Amino acid sequence: MIRIYTSFIFLLTSFTFYKAQPLTASEIDALANKAIEAFEVPGIAIGIIKDGKLIHAKGYGVKNIETNEKVDENTFFGIASNSKAFTTAALSILIEEKKLIWDDKVRKYIPEFTLYDPYVSEEFTVRDLVCHRSGLGLGAGDLMMWPDSNLHSIEDIIHGMRYLKPVSSFRSKYDYNNNLFIIAGEVIKRISGKSWDDFIEQKIMIPLGMNNSAPCLSKLKEKKNVARPHAIVDGKMKVVPVGWSETANAAGGIQTNIVELSKWVIAQLNQGKYGDNNSSQLFSEKSQQQMWSIQTPIAVRTATPYNTKFSGYGLGWVINDVNGFKQVGHTGGLAGMVTQVTLIPELNLGIIVLTNQQVGAAFTSITNCIKDGYIGLTKKDWITENAERVKKANLYASRICDSINTNLKTNPVKLSEENLKKYSGKFRDSWYGDIQISLKNGRMFFNSSKSIRMKGEMFFYNTNTFIVKWNERSFDADAFVHFIVDNAGKVTGFKVEAFSPLTDFSFDFQNLDVFKVD
(Lines give C-alpha, C1' and ligand atoms only; values in the text may rest on other atoms or scores of the structure.)
Protein backbone atom coordinates (compact mmCIF):
# COMPACT_ATOMS: atom_id res chain seq x y z
CA MET A 1 0.00 0.00 0.00
CA ILE A 2 2.83 2.40 0.82
CA ARG A 3 4.37 1.90 -2.64
CA ILE A 4 1.02 2.45 -4.38
CA TYR A 5 0.37 5.58 -2.37
CA THR A 6 3.88 6.95 -3.10
CA SER A 7 3.40 6.31 -6.81
CA PHE A 8 0.07 8.10 -6.75
CA ILE A 9 1.67 11.14 -5.07
CA PHE A 10 4.47 11.11 -7.70
CA LEU A 11 1.97 11.01 -10.55
CA LEU A 12 -0.12 13.74 -8.99
CA THR A 13 3.00 15.89 -8.57
CA SER A 14 4.02 15.25 -12.17
CA PHE A 15 0.64 16.23 -13.55
CA THR A 16 0.62 19.31 -11.34
CA PHE A 17 4.07 20.33 -12.67
CA TYR A 18 3.13 19.84 -16.32
CA LYS A 19 0.16 22.04 -17.04
CA ALA A 20 -0.06 23.12 -20.65
CA GLN A 21 -1.34 26.61 -21.29
CA PRO A 22 -1.07 27.10 -25.08
CA LEU A 23 -1.17 30.64 -26.39
CA THR A 24 -4.46 31.73 -27.87
CA ALA A 25 -4.70 32.83 -31.49
CA SER A 26 -4.83 36.48 -30.43
CA GLU A 27 -1.76 36.02 -28.23
CA ILE A 28 0.14 34.51 -31.18
CA ASP A 29 -0.95 37.46 -33.32
CA ALA A 30 0.38 39.87 -30.71
CA LEU A 31 3.59 37.85 -30.41
CA ALA A 32 4.23 37.95 -34.15
CA ASN A 33 3.55 41.66 -34.42
CA LYS A 34 5.81 42.39 -31.47
CA ALA A 35 8.61 40.35 -33.08
CA ILE A 36 8.20 42.23 -36.37
CA GLU A 37 8.72 45.51 -34.55
CA ALA A 38 11.47 44.36 -32.17
CA PHE A 39 13.64 42.67 -34.78
CA GLU A 40 12.70 44.74 -37.87
CA VAL A 41 11.42 41.69 -39.72
CA PRO A 42 9.18 42.61 -42.68
CA GLY A 43 7.20 39.37 -42.74
CA ILE A 44 6.61 36.22 -40.71
CA ALA A 45 4.53 33.08 -41.25
CA ILE A 46 3.67 30.86 -38.28
CA GLY A 47 2.29 27.33 -38.32
CA ILE A 48 1.36 25.17 -35.33
CA ILE A 49 0.62 21.48 -35.73
CA LYS A 50 -1.02 19.64 -32.84
CA ASP A 51 -2.29 16.07 -32.78
CA GLY A 52 -2.05 15.68 -36.54
CA LYS A 53 -3.78 18.93 -37.47
CA LEU A 54 -2.62 22.36 -38.58
CA ILE A 55 -4.36 24.42 -35.90
CA HIS A 56 -2.73 27.78 -36.63
CA ALA A 57 -1.54 28.99 -40.04
CA LYS A 58 -1.17 32.69 -40.53
CA GLY A 59 1.04 35.31 -42.11
CA TYR A 60 2.06 38.62 -40.58
CA GLY A 61 3.65 41.72 -42.04
CA VAL A 62 4.72 42.01 -45.66
CA LYS A 63 6.54 39.80 -48.11
CA ASN A 64 8.18 42.77 -49.82
CA ILE A 65 8.67 46.23 -48.30
CA GLU A 66 8.70 47.78 -51.76
CA THR A 67 5.19 46.56 -52.62
CA ASN A 68 3.74 46.14 -49.09
CA GLU A 69 1.98 42.95 -50.19
CA LYS A 70 0.88 40.98 -47.14
CA VAL A 71 2.26 37.62 -46.04
CA ASP A 72 -0.39 34.90 -45.71
CA GLU A 73 -0.33 31.18 -44.91
CA ASN A 74 0.32 30.36 -48.57
CA THR A 75 3.30 32.70 -49.03
CA PHE A 76 6.38 30.82 -50.18
CA PHE A 77 9.71 31.09 -48.39
CA GLY A 78 13.05 29.43 -48.95
CA ILE A 79 13.46 27.11 -45.96
CA ALA A 80 17.23 26.78 -46.44
CA SER A 81 18.81 24.10 -44.23
CA ASN A 82 15.44 22.73 -43.18
CA SER A 83 15.82 21.03 -46.56
CA LYS A 84 18.51 18.78 -45.05
CA ALA A 85 15.92 16.55 -43.37
CA PHE A 86 14.37 15.95 -46.80
CA THR A 87 17.78 14.75 -48.02
CA THR A 88 18.12 12.26 -45.17
CA ALA A 89 14.52 11.12 -45.71
CA ALA A 90 15.39 10.51 -49.37
CA LEU A 91 18.39 8.42 -48.32
CA SER A 92 16.12 6.50 -45.91
CA ILE A 93 13.72 5.73 -48.77
CA LEU A 94 16.61 4.33 -50.81
CA ILE A 95 17.75 2.28 -47.81
CA GLU A 96 14.27 0.79 -47.48
CA GLU A 97 14.42 -0.02 -51.18
CA LYS A 98 17.64 -1.92 -50.30
CA LYS A 99 19.74 0.22 -52.62
CA LEU A 100 22.23 1.32 -49.96
CA ILE A 101 22.89 1.30 -46.22
CA TRP A 102 23.91 4.20 -44.00
CA ASP A 103 27.38 2.81 -43.48
CA ASP A 104 28.20 2.22 -47.14
CA LYS A 105 31.42 3.97 -48.10
CA VAL A 106 30.84 7.14 -50.15
CA ARG A 107 33.41 5.92 -52.68
CA LYS A 108 31.15 3.00 -53.52
CA TYR A 109 28.91 5.51 -55.29
CA ILE A 110 31.30 8.39 -55.94
CA PRO A 111 34.71 6.80 -56.63
CA GLU A 112 36.37 10.19 -57.10
CA PHE A 113 35.34 11.40 -53.61
CA THR A 114 38.55 12.46 -51.87
CA LEU A 115 39.27 14.39 -48.68
CA TYR A 116 42.57 15.78 -47.40
CA ASP A 117 43.37 12.66 -45.37
CA PRO A 118 43.61 9.43 -47.44
CA TYR A 119 42.37 7.29 -44.54
CA VAL A 120 39.30 9.48 -44.04
CA SER A 121 38.62 9.38 -47.79
CA GLU A 122 38.50 5.57 -47.69
CA GLU A 123 36.45 5.31 -44.51
CA PHE A 124 33.93 8.09 -45.09
CA THR A 125 30.37 6.73 -45.12
CA VAL A 126 27.01 7.99 -46.34
CA ARG A 127 26.12 8.49 -42.65
CA ASP A 128 29.19 10.70 -42.23
CA LEU A 129 27.96 12.94 -45.04
CA VAL A 130 24.88 14.00 -43.09
CA CYS A 131 25.90 14.35 -39.43
CA HIS A 132 28.65 16.99 -39.38
CA ARG A 133 31.56 14.99 -37.95
CA SER A 134 34.01 15.10 -40.86
CA GLY A 135 36.84 16.85 -39.03
CA LEU A 136 36.51 19.85 -41.34
CA GLY A 137 35.95 23.26 -39.78
CA LEU A 138 32.68 25.17 -39.53
CA GLY A 139 31.34 25.92 -42.99
CA ALA A 140 34.47 24.62 -44.73
CA GLY A 141 34.17 25.15 -48.48
CA ASP A 142 30.88 27.06 -48.28
CA LEU A 143 32.18 29.73 -50.64
CA MET A 144 31.70 27.16 -53.42
CA MET A 145 27.94 27.54 -52.95
CA TRP A 146 27.59 30.84 -51.08
CA PRO A 147 26.65 33.71 -51.22
CA ASP A 148 25.27 33.63 -54.76
CA SER A 149 24.35 31.47 -57.72
CA ASN A 150 28.02 30.98 -58.50
CA LEU A 151 29.62 28.85 -61.17
CA HIS A 152 30.93 26.00 -59.02
CA SER A 153 29.46 22.73 -60.29
CA ILE A 154 28.89 19.59 -58.24
CA GLU A 155 32.03 18.22 -59.90
CA ASP A 156 33.94 21.29 -58.67
CA ILE A 157 32.65 20.78 -55.14
CA ILE A 158 33.54 17.09 -55.06
CA HIS A 159 37.01 17.87 -56.40
CA GLY A 160 37.54 20.89 -54.15
CA MET A 161 36.87 19.01 -50.91
CA ARG A 162 40.30 17.30 -51.10
CA TYR A 163 42.06 20.63 -50.51
CA LEU A 164 40.22 21.55 -47.31
CA LYS A 165 42.41 20.84 -44.30
CA PRO A 166 40.75 19.26 -41.22
CA VAL A 167 40.70 21.10 -37.92
CA SER A 168 39.87 18.08 -35.74
CA SER A 169 40.08 14.30 -35.83
CA PHE A 170 37.60 12.38 -37.98
CA ARG A 171 34.32 11.70 -36.13
CA SER A 172 35.57 13.46 -32.96
CA LYS A 173 33.78 16.80 -33.10
CA TYR A 174 30.68 18.58 -34.43
CA ASP A 175 31.30 21.19 -37.13
CA TYR A 176 28.50 22.12 -39.50
CA ASN A 177 29.15 21.46 -43.20
CA ASN A 178 26.88 22.15 -46.17
CA ASN A 179 28.99 20.68 -48.96
CA LEU A 180 28.79 17.14 -47.62
CA PHE A 181 24.99 17.34 -47.83
CA ILE A 182 25.40 18.45 -51.44
CA ILE A 183 27.49 15.34 -52.03
CA ALA A 184 24.78 13.28 -50.29
CA GLY A 185 22.42 14.64 -52.94
CA GLU A 186 24.82 13.37 -55.58
CA VAL A 187 24.73 9.92 -53.94
CA ILE A 188 20.95 9.98 -54.33
CA LYS A 189 21.33 10.87 -58.00
CA ARG A 190 23.86 8.15 -58.76
CA ILE A 191 21.84 5.44 -57.04
CA SER A 192 18.36 6.43 -58.22
CA GLY A 193 19.17 7.85 -61.64
CA LYS A 194 17.12 10.93 -60.67
CA SER A 195 18.44 14.35 -59.77
CA TRP A 196 18.02 15.31 -56.11
CA ASP A 197 15.37 17.83 -57.21
CA ASP A 198 13.32 15.22 -59.07
CA PHE A 199 13.68 12.61 -56.32
CA ILE A 200 12.44 14.99 -53.61
CA GLU A 201 9.57 16.15 -55.77
CA GLN A 202 8.44 12.69 -56.90
CA LYS A 203 9.14 10.64 -53.78
CA ILE A 204 8.29 13.10 -51.01
CA MET A 205 6.46 16.25 -52.09
CA ILE A 206 3.89 14.74 -54.46
CA PRO A 207 2.99 11.83 -52.12
CA LEU A 208 2.52 14.25 -49.21
CA GLY A 209 0.41 16.63 -51.27
CA MET A 210 3.00 19.41 -51.27
CA ASN A 211 1.85 20.06 -54.82
CA ASN A 212 2.81 23.71 -55.08
CA SER A 213 6.11 23.45 -53.23
CA ALA A 214 9.36 23.05 -55.12
CA PRO A 215 12.71 21.42 -54.37
CA CYS A 216 14.42 24.49 -55.77
CA LEU A 217 13.73 28.08 -56.72
CA SER A 218 13.84 27.44 -60.47
CA LYS A 219 11.01 24.88 -60.19
CA LEU A 220 8.69 27.06 -58.11
CA LYS A 221 5.57 27.59 -60.21
CA GLU A 222 4.16 30.33 -57.98
CA LYS A 223 5.62 33.68 -58.97
CA LYS A 224 3.50 36.20 -57.07
CA ASN A 225 2.95 34.98 -53.52
CA VAL A 226 6.65 34.69 -52.72
CA ALA A 227 8.51 36.39 -49.87
CA ARG A 228 11.52 38.45 -50.89
CA PRO A 229 14.69 38.42 -48.76
CA HIS A 230 15.56 41.51 -46.72
CA ALA A 231 18.53 42.78 -44.75
CA ILE A 232 19.69 45.90 -42.95
CA VAL A 233 22.02 47.73 -45.33
CA ASP A 234 23.73 50.91 -44.15
CA GLY A 235 21.20 51.23 -41.35
CA LYS A 236 18.11 50.76 -43.51
CA MET A 237 15.95 47.75 -44.33
CA LYS A 238 16.25 46.79 -47.99
CA VAL A 239 15.13 44.06 -50.34
CA VAL A 240 18.28 42.11 -51.23
CA PRO A 241 18.99 39.91 -54.25
CA VAL A 242 17.99 36.26 -54.16
CA GLY A 243 21.35 34.53 -54.08
CA TRP A 244 21.44 30.75 -54.18
CA SER A 245 23.48 28.23 -56.08
CA GLU A 246 21.12 25.48 -57.22
CA THR A 247 24.05 23.09 -57.10
CA ALA A 248 23.48 23.30 -53.34
CA ASN A 249 19.78 22.35 -53.31
CA ALA A 250 20.35 19.19 -51.26
CA ALA A 251 21.69 21.43 -48.50
CA GLY A 252 19.03 24.13 -48.61
CA GLY A 253 17.03 24.61 -51.79
CA ILE A 254 13.39 23.88 -50.89
CA GLN A 255 10.68 26.52 -51.41
CA THR A 256 7.42 26.00 -49.53
CA ASN A 257 4.80 27.60 -47.30
CA ILE A 258 3.22 27.00 -43.91
CA VAL A 259 0.27 24.98 -45.22
CA GLU A 260 2.33 22.59 -47.32
CA LEU A 261 5.28 22.29 -44.94
CA SER A 262 2.84 21.27 -42.22
CA LYS A 263 2.14 18.08 -44.23
CA TRP A 264 5.81 17.17 -43.93
CA VAL A 265 5.74 17.91 -40.18
CA ILE A 266 2.60 15.79 -39.70
CA ALA A 267 4.26 12.86 -41.48
CA GLN A 268 7.31 13.26 -39.24
CA LEU A 269 5.15 13.22 -36.10
CA ASN A 270 3.35 10.13 -37.49
CA GLN A 271 6.59 8.14 -37.89
CA GLY A 272 6.49 8.54 -41.66
CA LYS A 273 2.81 7.73 -42.12
CA TYR A 274 0.53 9.94 -44.20
CA GLY A 275 -2.66 9.95 -46.26
CA ASP A 276 -6.18 8.82 -45.39
CA ASN A 277 -6.12 7.14 -41.99
CA ASN A 278 -2.30 7.17 -42.22
CA SER A 279 -2.55 4.33 -44.71
CA SER A 280 0.61 5.25 -46.61
CA GLN A 281 4.21 5.20 -45.45
CA LEU A 282 6.89 7.64 -46.60
CA PHE A 283 9.60 5.95 -44.53
CA SER A 284 9.50 3.47 -41.66
CA GLU A 285 9.56 4.11 -37.93
CA LYS A 286 12.94 2.37 -37.87
CA SER A 287 14.30 4.89 -40.37
CA GLN A 288 12.91 7.74 -38.32
CA GLN A 289 14.64 6.38 -35.22
CA GLN A 290 17.91 6.51 -37.13
CA MET A 291 17.33 10.09 -38.26
CA TRP A 292 16.24 11.14 -34.78
CA SER A 293 19.14 9.49 -32.93
CA ILE A 294 22.22 11.49 -32.02
CA GLN A 295 25.18 10.66 -34.24
CA THR A 296 27.40 13.60 -33.24
CA PRO A 297 27.23 15.06 -29.72
CA ILE A 298 27.05 18.83 -29.31
CA ALA A 299 28.34 20.38 -26.08
CA VAL A 300 25.66 21.66 -23.71
CA ARG A 301 26.23 24.79 -21.65
CA THR A 302 26.15 24.35 -17.87
CA ALA A 303 23.11 26.63 -17.58
CA THR A 304 20.39 26.59 -20.23
CA PRO A 305 16.90 28.12 -20.29
CA TYR A 306 15.29 24.69 -20.62
CA ASN A 307 17.53 22.73 -18.25
CA THR A 308 18.89 20.87 -21.28
CA LYS A 309 20.89 17.74 -20.46
CA PHE A 310 21.85 16.51 -23.94
CA SER A 311 22.21 17.84 -27.45
CA GLY A 312 23.48 16.46 -30.72
CA TYR A 313 23.02 16.14 -34.45
CA GLY A 314 21.16 13.17 -35.88
CA LEU A 315 20.73 12.67 -39.60
CA GLY A 316 19.43 16.01 -40.87
CA TRP A 317 18.00 16.98 -37.46
CA VAL A 318 19.21 18.58 -34.23
CA ILE A 319 18.10 16.60 -31.16
CA ASN A 320 18.03 17.84 -27.57
CA ASP A 321 15.80 17.96 -24.52
CA VAL A 322 13.74 20.89 -23.29
CA ASN A 323 12.36 20.75 -19.78
CA GLY A 324 12.27 16.95 -19.91
CA PHE A 325 10.80 16.62 -23.42
CA LYS A 326 12.74 15.37 -26.43
CA GLN A 327 12.95 18.08 -29.09
CA VAL A 328 13.79 17.51 -32.76
CA GLY A 329 14.33 20.46 -35.03
CA HIS A 330 16.44 22.50 -37.38
CA THR A 331 17.01 26.04 -38.52
CA GLY A 332 17.80 27.40 -41.95
CA GLY A 333 19.41 30.53 -43.29
CA LEU A 334 19.63 32.09 -46.73
CA ALA A 335 20.76 35.64 -47.44
CA GLY A 336 17.84 37.71 -46.14
CA MET A 337 15.65 34.78 -45.07
CA VAL A 338 15.78 32.48 -42.01
CA THR A 339 13.46 29.71 -40.79
CA GLN A 340 12.91 27.20 -38.00
CA VAL A 341 11.06 23.88 -37.67
CA THR A 342 10.58 22.43 -34.17
CA LEU A 343 8.99 19.11 -33.18
CA ILE A 344 8.16 17.80 -29.71
CA PRO A 345 7.06 14.23 -30.48
CA GLU A 346 5.76 13.40 -26.99
CA LEU A 347 3.27 16.23 -27.29
CA ASN A 348 2.55 15.55 -30.98
CA LEU A 349 3.50 19.19 -31.51
CA GLY A 350 5.15 20.96 -34.41
CA ILE A 351 6.03 24.64 -34.73
CA ILE A 352 7.07 26.32 -38.00
CA VAL A 353 8.32 29.89 -38.23
CA LEU A 354 9.36 31.36 -41.58
CA THR A 355 10.79 34.89 -41.86
CA ASN A 356 12.13 37.16 -44.60
CA GLN A 357 14.92 38.86 -42.67
CA GLN A 358 18.20 37.35 -41.55
CA VAL A 359 17.96 37.82 -37.78
CA GLY A 360 17.41 34.41 -36.18
CA ALA A 361 16.34 35.86 -32.84
CA ALA A 362 12.87 36.48 -34.30
CA PHE A 363 12.06 32.84 -35.02
CA THR A 364 13.75 31.72 -31.79
CA SER A 365 11.66 34.08 -29.68
CA ILE A 366 8.38 33.13 -31.37
CA THR A 367 9.08 29.39 -31.21
CA ASN A 368 10.09 29.54 -27.56
CA CYS A 369 7.00 31.50 -26.51
CA ILE A 370 4.70 29.03 -28.28
CA LYS A 371 6.63 26.04 -26.98
CA ASP A 372 6.60 27.29 -23.39
CA GLY A 373 2.83 27.29 -23.39
CA TYR A 374 2.66 23.66 -24.45
CA ILE A 375 5.31 22.35 -22.05
CA GLY A 376 3.76 24.15 -19.12
CA LEU A 377 6.32 26.84 -18.37
CA THR A 378 5.55 30.26 -16.98
CA LYS A 379 5.25 32.84 -19.73
CA LYS A 380 8.53 34.56 -20.49
CA ASP A 381 9.18 37.62 -22.61
CA TRP A 382 11.63 36.01 -25.01
CA ILE A 383 11.31 38.87 -27.48
CA THR A 384 12.53 41.54 -25.08
CA GLU A 385 15.33 39.33 -23.79
CA ASN A 386 16.57 38.36 -27.25
CA ALA A 387 16.14 41.87 -28.65
CA GLU A 388 18.47 43.12 -25.94
CA ARG A 389 20.97 40.38 -26.79
CA VAL A 390 20.82 41.30 -30.49
CA LYS A 391 21.25 44.96 -29.65
CA LYS A 392 24.39 44.23 -27.64
CA ALA A 393 25.82 42.00 -30.38
CA ASN A 394 25.14 44.65 -33.02
CA LEU A 395 26.70 47.34 -30.85
CA TYR A 396 29.80 45.22 -30.27
CA ALA A 397 30.15 44.50 -34.00
CA SER A 398 29.58 48.16 -34.86
CA ARG A 399 32.33 49.29 -32.53
CA ILE A 400 34.80 46.91 -34.17
CA CYS A 401 33.81 47.86 -37.71
CA ASP A 402 33.63 51.58 -36.95
CA SER A 403 37.11 51.50 -35.43
CA ILE A 404 38.55 49.74 -38.50
CA ASN A 405 36.76 52.09 -40.91
CA THR A 406 37.91 55.14 -38.95
CA ASN A 407 41.50 53.93 -39.11
CA LEU A 408 41.05 53.37 -42.84
CA LYS A 409 39.73 56.88 -43.44
CA THR A 410 42.43 58.56 -41.38
CA ASN A 411 45.24 56.44 -42.78
CA PRO A 412 47.94 58.96 -43.79
CA VAL A 413 49.61 56.52 -46.16
CA LYS A 414 48.30 56.43 -49.73
CA LEU A 415 50.01 54.04 -52.11
CA SER A 416 50.79 55.15 -55.63
CA GLU A 417 49.66 53.08 -58.59
CA GLU A 418 53.27 51.99 -59.04
CA ASN A 419 53.37 50.64 -55.47
CA LEU A 420 50.00 48.97 -55.90
CA LYS A 421 51.15 47.03 -58.95
CA LYS A 422 53.01 44.40 -56.97
CA TYR A 423 49.74 43.36 -55.29
CA SER A 424 47.81 42.98 -58.53
CA GLY A 425 47.58 39.95 -60.77
CA LYS A 426 45.94 36.57 -61.01
CA PHE A 427 45.66 34.50 -57.84
CA ARG A 428 44.22 31.07 -57.15
CA ASP A 429 42.90 28.93 -54.32
CA SER A 430 42.90 25.20 -55.02
CA TRP A 431 39.25 24.67 -54.07
CA TYR A 432 37.75 28.12 -54.63
CA GLY A 433 39.27 28.97 -57.97
CA ASP A 434 40.77 32.10 -59.51
CA ILE A 435 40.71 35.59 -58.06
CA GLN A 436 41.81 38.63 -60.04
CA ILE A 437 43.28 41.60 -58.18
CA SER A 438 43.17 44.39 -60.74
CA LEU A 439 44.19 48.03 -60.97
CA LYS A 440 42.17 50.71 -62.68
CA ASN A 441 42.87 54.43 -62.46
CA GLY A 442 44.84 54.00 -59.25
CA ARG A 443 42.14 51.92 -57.56
CA MET A 444 42.42 48.22 -56.71
CA PHE A 445 39.62 45.65 -57.08
CA PHE A 446 38.93 42.08 -55.96
CA ASN A 447 37.02 39.86 -58.39
CA SER A 448 36.27 36.15 -57.99
CA SER A 449 36.03 34.23 -61.26
CA LYS A 450 33.32 31.79 -60.12
CA SER A 451 31.40 33.61 -57.41
CA ILE A 452 29.55 36.25 -59.39
CA ARG A 453 28.94 38.80 -56.64
CA MET A 454 32.19 38.37 -54.69
CA LYS A 455 33.74 41.53 -55.99
CA GLY A 456 34.65 44.84 -54.44
CA GLU A 457 37.10 47.67 -54.12
CA MET A 458 40.25 47.26 -52.02
CA PHE A 459 41.80 49.93 -49.81
CA PHE A 460 45.28 50.02 -48.33
CA TYR A 461 45.17 49.56 -44.52
CA ASN A 462 48.71 49.00 -43.29
CA THR A 463 51.96 47.25 -44.23
CA ASN A 464 50.79 44.50 -46.63
CA THR A 465 47.16 44.48 -45.51
CA PHE A 466 44.21 45.85 -47.47
CA ILE A 467 40.48 45.93 -46.80
CA VAL A 468 37.99 44.71 -49.38
CA LYS A 469 34.53 46.28 -49.30
CA TRP A 470 32.08 44.14 -51.23
CA ASN A 471 29.88 45.84 -53.80
CA GLU A 472 26.91 43.92 -52.38
CA ARG A 473 26.58 45.74 -49.06
CA SER A 474 24.09 43.27 -47.60
CA PHE A 475 26.89 40.69 -47.26
CA ASP A 476 28.11 42.24 -43.97
CA ALA A 477 31.40 40.52 -44.71
CA ASP A 478 34.00 43.21 -45.43
CA ALA A 479 37.39 41.69 -44.83
CA PHE A 480 41.10 42.15 -44.39
CA VAL A 481 43.23 40.85 -47.25
CA HIS A 482 46.66 40.03 -45.82
CA PHE A 483 49.18 39.74 -48.66
CA ILE A 484 52.09 37.35 -48.15
CA VAL A 485 55.43 38.76 -49.21
CA ASP A 486 58.68 36.77 -49.52
CA ASN A 487 62.16 37.95 -48.50
CA ALA A 488 62.68 39.53 -51.89
CA GLY A 489 59.56 41.65 -51.46
CA LYS A 490 57.55 39.66 -53.98
CA VAL A 491 53.87 38.96 -53.30
CA THR A 492 53.27 35.20 -53.26
CA GLY A 493 49.66 34.99 -52.06
CA PHE A 494 47.19 36.26 -49.49
CA LYS A 495 44.84 35.34 -46.65
CA VAL A 496 41.36 36.77 -46.10
CA GLU A 497 39.81 37.58 -42.70
CA ALA A 498 36.34 39.01 -42.09
CA PHE A 499 36.45 41.60 -39.34
CA SER A 500 32.80 41.75 -38.21
CA PRO A 501 31.89 39.11 -35.59
CA LEU A 502 28.45 38.97 -37.21
CA THR A 503 29.72 37.82 -40.61
CA ASP A 504 27.93 34.60 -41.60
CA PHE A 505 30.11 31.52 -41.10
CA SER A 506 29.51 30.49 -44.71
CA PHE A 507 31.91 33.25 -45.73
CA ASP A 508 34.63 30.74 -44.85
CA PHE A 509 37.52 33.01 -45.76
CA GLN A 510 39.70 31.25 -43.18
CA ASN A 511 39.87 28.18 -45.42
CA LEU A 512 41.30 30.08 -48.38
CA ASP A 513 44.99 29.55 -49.06
CA VAL A 514 45.52 31.83 -52.03
CA PHE A 515 48.71 31.77 -54.10
CA LYS A 516 49.81 33.99 -56.96
CA VAL A 517 49.59 32.52 -60.47
CA ASP A 518 51.07 35.41 -62.51
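Structure above, values below:
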quantity: Tally of residues being surrounded by fewer than 24 Cβ atoms within 10 Å (Cβ to Cβ) and either assigned to a helix (DSSP H, G or I) or on the phi > 0 side of the Ramachandran plot (or both) across segment 33-51; calculated: 8
quantity: Some residue of segment 164-178 being in a helix (DSSP H, G or I), aromatic (F, W, Y) and at pLDDT 95 or above; calculated: no
quantity: Filter pass, K414 being loosely packed, with under 15 Cβ neighbours inside 10 Å, among the charged types (D, E, K, R) and part of a loop (DSSP other than H, G, I, E, B); calculated: yes
quantity: The one condition in (1) part of a helix (DSSP H, G or I); (2) of a type in the set (S, T, N, Q); (3) crowded, with 21+ Cβ neighbours inside 10 Å that S398 fails to fulfil; calculated: (3)
quantity: Filtered residues of segment 341-358 (kept if more than 19 Å from A57 (Cα to Cα) and either at pLDDT 95 or above or of a type in the set (F, W, Y) (or both)); calculated: P345, E346, Q357
quantity: Any hit, segment 96-111, residues being open to solvent by less than 10 Å² (accessible area, probe 1.4 Å), part of a loop (DSSP other than H, G, I, E, B) and within 24 Å of F505 (Cα to Cα); calculated: no
quantity: Residue ranges of strands (runs of 3 or more DSSP E) in segment 235-336 with at least 2 members open to solvent by 20 Å² or more (accessible area, probe 1.4 Å); calculated: 236-239, 318-322, 325-334
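Results for (1) part of a loop (DSSP other than H, G, I, E, B); (2) crowded, with 23+ Cβ neighbours inside 10 Å; (3) among the polar types (S, T, N, Q); (4) in contact (Cβ under 8 Å) with a residue 40 or more places away in the chain, shown as yes or no for each residue.
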position: Y119; (1), (2), (3), (4): no, no, no, yes
position: E122; (1), (2), (3), (4): no, no, no, no
position: C131; (1), (2), (3), (4): yes, yes, no, yes
position: S134; (1), (2), (3), (4): yes, yes, yes, yes
position: L143; (1), (2), (3), (4): no, yes, no, yes
position: P147; (1), (2), (3), (4): yes, yes, no, yes
position: I157; (1), (2), (3), (4): no, no, no, yes
position: R162; (1), (2), (3), (4): no, no, no, yes
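The values are calculated or read from the model by the stated rules, or taken from the named source; none is laboratory data. Please read these numbers as outputs of a predicted model, since none were measured by experiment. So basically every Cβ, Gly included, is an ideal-geometry build from the backbone, and we count neighbours across all protein chains shown. Side chains are part of the model used for accessible areas, which takes the heavy atoms of the whole protein and leaves out ligands, DNA and RNA. Shrake-Rupley method; radii C 1.70, N 1.55, O 1.52, S 1.80 Å.
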